[in-house]
Amino acid sequence: MWWPCSRAQLGASADEANTASGADSMPPLADRSDERAEMISRTIRARGVHDDRVLQAMMRVPRHEFVPRHLQPLSYTDQPLPIGYGQTISQPYIVALMTELAEIKQGDRCLEIGTGCGYQTAVLVETGASVVTIEISDVLAAQAEARLRRLGYTPAQVQCHAGDGCMGWEDGAPFDAILVTAAAPKIPSALLSQLADNGRLVLPVGPHDAIQRLEKWLRHNQADGRATYESSFILNVQFVPLQCSR
Ligand code: SAH
């Protein structure tokens with residue numbers, strides 16, 4: 001069974017999000033690596049994610065540091081959790097699956113649209129990517145950047161930007177991998193155009209109020225200068241909507 005990555009049922013308010021950011025100034029919490037190991041073996045590997053780099057990255061990132069304090073006991077259950085402002089931290093299985101689909105190699109350049117709390121961002125960095133991440137909520141973008149820096153991720157590893165990511169990030173293109181962690185009604189063409197040769201775009205596609213399709217798009221540059229794309233359907237998912245200003 002999988003849980004949707006959508007607005008979770010455990011209602012978080014802006015106050016709760018403040019609690020999450022308040023955790024930034026608190027002393028480090030327990031390591032909880034036993035719970036992570038259990039989560040990886042029971043809910044990630046068991047469901048078919050076998051890439052060792054991805055599993056090790058999931059092991060290294062302390063998910064409880066990305067979750068509002070009052071929900072921290074649930075950090076290692078396989079479900080999305082509210083992070084405030086109507087947004088969620090994605091379900092760990094889906095984070096692992098999308099990271100595996102992105103086929104990150106050491107040194108790859110990766111673009112993430114929808115930073116949220118920064119959890120997927122940290123997992124991507126731990127697989128060896130340098131990441132540009134864009135978040136449309138100014139507050140979440142600032143909180144995520146502060147959290148990632150507190151956890152030791154440097155500007156060379158992660159560049160955080162607040163803004164609408166629907167047009168991608170032209171300045172950093174081309175990217176070896178692009179992940180979108182909110183559901184797009186249709187494929188944003190700007191993202192396909194910012195993929196490198198053999199680049200991978202992984203994203204949920206579909207309406208915000210129904211089940212969406214997790215898709216992977218692979219770019220091939222042709223000798224005549226054109227690009228062709230190969231797309232595949234992975235599984236049904238449910239994400240919060242991608243909000244595009246145009
Ligand atoms: N990556 C997160 C999941 C974030 S939920 C994780 O690791 O758990 C999706 C996020 O996408 C939300 O924070 C939402 O505010 C953001 N978002 C929605 N539309 C966006 C857009 N056009 N550009 C950038 N971020 C967007």
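What follows draws every value from the coordinates through simple rules; no lab data is involved. If you're wondering where the values come from, they're calculated on a predicted model, not measured in any experiment. For neighbour counting, all protein chains shown are included, and Cβ atoms are generated from backbone atoms with ideal geometry for every residue, glycine included.
Worth a mention:
- Remark: relative contact order (the chain) = 17 percent; criterion is Cα-Cα distance under 8 angstrom and separation of 6 or more residues.
- Put simply, the amide H of LEU195, placed in the peptide plane, has neighbours under 5 Å in PHE175, leaving out anything fewer than 5 places away on its chain.
- Label-zone membership for segment 48-69, site TYR85, 7 angstrom Cα→C-beta point, backbone N under 19 Å: 65-69
- Each of THR127, GLN194, PRO174 was placed along the dipole of the chain (beta-carbon charges, centred on the mean Cα), and the one lying farthest toward the positive end is THR127.
- Taking only the Cα atoms of segment 21-142, the radius of gyration and Dmax are 13.8, 37 Å.
- Residue exposure sequence - TYR85, TYR76 - by fewest surrounding Cβ within 10 Å: TYR85, TYR76
- With the convex hull drawn over the C-alpha atoms of segment 138-246, the volume per residue is 123 Å³.
- Over segment 60-131, relative contact order from alpha-carbon pairs under 8 Å, at least 6 apart, %: 30
- The listed peptides 164-175, 140-151, 108-119, ordered by packing as a protection proxy, come out as 108-119, 140-151, 164-175 (highest mean of other Cβ atoms within 10 Å first).
- Mean-position separation - Cα centroids, segment 37-59 and segment 62-141, in angstrom: 15
- Both numbers refer to the Cα atoms of the chain; Rg and Dmax are 16.8, 57 Å.
- FRET efficiency estimate (nearest 0.05) - Cβ-Cβ, ALA210 to SER245, R0 25 angstrom: 0.65
- Mean projected area (nm²) of the alpha-carbon convex hull when segment 113-155 is viewed from all directions: 2.6
- Label-point separation, GLU230 to ARG47 (7 Å along Cα→Cβ), nm: 2.6
- Counted residue by residue at 0.36 nm each, then reduced by the alpha carbon distance between them, the extension gain from ASP197 to ALA37 reaches 54.1 nm.
- Among beta bridges from DSSP that stay inside the chain, the antiparallel ones total about 50%.
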